[in-house]
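The values are calculated or read from the model by the stated rules, or taken from the named source; none is laboratory data. On a predicted model such as this, the values are computed, not experimentally measured, just so you know. Cβ placement follows ideal geometry from the backbone for every residue including glycine, while neighbour counts extend to all protein chains displayed.
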Amino acid sequence: MRRIRTYALTASVALALTAVPLAVPAFAAPTPASAASETTGPDVEALRAALAGLPDETATAAQVRVGGKGSWHGVAGVRDLRPGAPALANSVFRAGSTTKIVTASIVLQLVAEARISLDGTVQQYLPGLLTDDFGPITVRQLLNFTSNLQPGASLGDSVEEGYEHRFETLTPTEVVAASVAKGPNPEYESGEQQRYGNIHYTVLGLLIEKVTGDTYAHQAQVRILKPLGMRHTSFPKGADPRIHGPHNRGYDWIDGELVDVTEWNMVDRFAAGDMISTTADLERLLVAVFRGRVVPEPQLREMFTVPDVPKASMGMGLERFELNGKEIWGKTGSRPGYHTVVAATRDLSRTLVYSVNSTDAKGDGLSIVQRFAFPAFNR
C-alpha cells in the first residue's frame, strides 16, 4: 500500500494529492497562438484532460508546450507537495537523455570541421581507452548506438537502489572503465545491432573533451546553448546535486512512500544525461536542429539516418516513431522525479516539449507518453 509521505509529512501535505486540484487550475489558459483551427491544431481538449487532476499518484506537476501549426501551453500540479503551491510555468528541470541531442550535435559539428571522422575509431581518438579485446569501434557506431560496448558502472540500477548513494560521485572515466573491464558484448560485433545505452554517449563526451581540449559543458555552451539563446539551460557544476533556479520538485515512490528526489549528484550522467533546461529552451533546440541551424548538411542527414540493422529506430541523438500515420522524431529523457520528451514532425508542422514530474520517471514511461504526448499528434 503506497503512502503519500515525504520524510516527516504532516496530514495537510498528505492531503495535497486530493485537495490541490481544487485550488490549482487544472491547466493554464492557452496562449493566443493556440486559437488555431481545430482540424490543424493540437487536440486541446485531450491536452487539458491530460493535465486535469494533477497532482495524482503518477505525477505531481507537468509543463506542456506544443508548437507548429497551432500552439498550446499548459501547466498543472504543485511546485512542492509540502506547501502545495501551484506548479511553476517555465521552470527548470532535469532534462535527462535529451542531453544526447546536444552531444550528437557537437560531435557532428566537429565532423563538419574535419576534426573528427564518423568512420574514425575510439582507438584512434582515445588511445588506450579500450583493451585489445575490442575490435574497431567507430564514432558513427557510438552515435547510433551500434557499438558493442557493455553498460558501465552505476550507483544503482533503480531509483530505490540509487537513492542511498545519490550524493556520491561516480566519474565518467570510472563509468567507462567498468564497461571496458567487462569486455565487448559477446552477442554481436560493433555495427551489427542497435542497443540503446548511456555508455555510447559517455564515451562521446570523453572524445569531445580530448579532441577540443575543453570541457564538455563549455563546448555545449559555446557551440549550442549560447548561439541558440538557450539562456536557462545549464549543466551541474561538479558534484553539485541541486537544481539552481525556479523549479518544481521531483518525487518518486520508494518503499511505498513518495520521497523527494530533487537533489541528486549527476556526475555519472555526463554527456549522456545531466542537462538542466526549460521547455522553451528545448523547443529552441528542437526547431534549430531540424532547420539545419545547428548541424550542417550533410551531417544533418546522418542525424536522421537509422542504421540498417534489425529493429533499429534511432538515428544520432534522435529516435524515429510513427503515430497516427505521422513520422515523428524525438527523444525522451528521465531522471528520478523528472520525465521529459522533445518530439516533432520532420517539417515542424507539430512540435512538442514537456516536462512531467513523474513519480516513476525511470519506469517504462509509456503511460506518461500516452497521456501527455499522444494528444499533441493525434490529429
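Tell me yes or no: at least one residue of segment 136-145 is under 20 Å from Ser179 (Cβ atoms) and surrounded by fewer than 20 Cβ atoms within 10 Å (Cβ to Cβ).
Yes, some residue in segment 136-145 is under 20 Å from Ser179 (Cβ atoms) and surrounded by fewer than 20 Cβ atoms within 10 Å (Cβ to Cβ).
Here are some residues: Pro32, Pro83, Pro25, Pro21. Which one is modelled with pLDDT under 95 and touching an Asp or Glu at 6+ places or on another chain (Cβ under 9 Å)?
Matching residue, one of Pro32, Pro83, Pro25, Pro21: Pro21.
Go through segment 49-78 and count every residue that is more than 18 Å from Phe374 (Cα to Cα), not in a loop (DSSP other than H, G, I, E, B) and not small (Gly, Ala, Ser).
Summing the residues that are more than 18 Å from Phe374 (Cα to Cα), not in a loop (DSSP other than H, G, I, E, B) and not small (Gly, Ala, Ser) in segment 49-78 gives 2.
So for segment 206-225 (the condition being over 30 Å from Leu130 (Cα atoms), part of a loop (DSSP other than H, G, I, E, B) and among the charged types (D, E, K, R)), does at least one residue qualify?
No, the conditions are met nowhere in segment 206-225.
Which is over 30 Å from Asp260 (Cα atoms) and either at pLDDT below 95 or among the acidic types (Asp, Glu) (or both), of Glu187, Glu168, Glu174, Glu161?
Result of the check over Glu187, Glu168, Glu174, Glu161: Glu187.
Here's the yes/no breakdown for (1) in a loop (DSSP other than H, G, I, E, B); (2) without any contact (Cβ under 8 Å) to a residue 60 or more places away in the chain; (3) under 17 Å from Asn144 (Cα atoms); (4) in contact with an Asp or Glu (Cβ under 9 Å, 6 or more places away or on another chain):
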residue: Leu285; (1), (2), (3), (4): no, no, no, no
residue: Ala288; (1), (2), (3), (4): no, no, no, no
residue: Pro296; (1), (2), (3), (4): yes, no, no, no
residue: Met316; (1), (2), (3), (4): yes, no, yes, yes
residue: Gly330; (1), (2), (3), (4): no, yes, yes, yes
residue: Gly333; (1), (2), (3), (4): no, no, yes, no
residue: Thr340; (1), (2), (3), (4): no, no, no, no
residue: Thr351; (1), (2), (3), (4): no, no, no, yes
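List the number of the failed condition for Pro241; all other conditions in (1) touching a residue at least 60 places away in the same chain (Cβ under 8 Å); (2) closer than 21 Å to Leu143 by Cα; (3) more than 17 Å from the chain's Cα centre (by Cα) hold.
Only one criterion is unmet by Pro241, namely (2).
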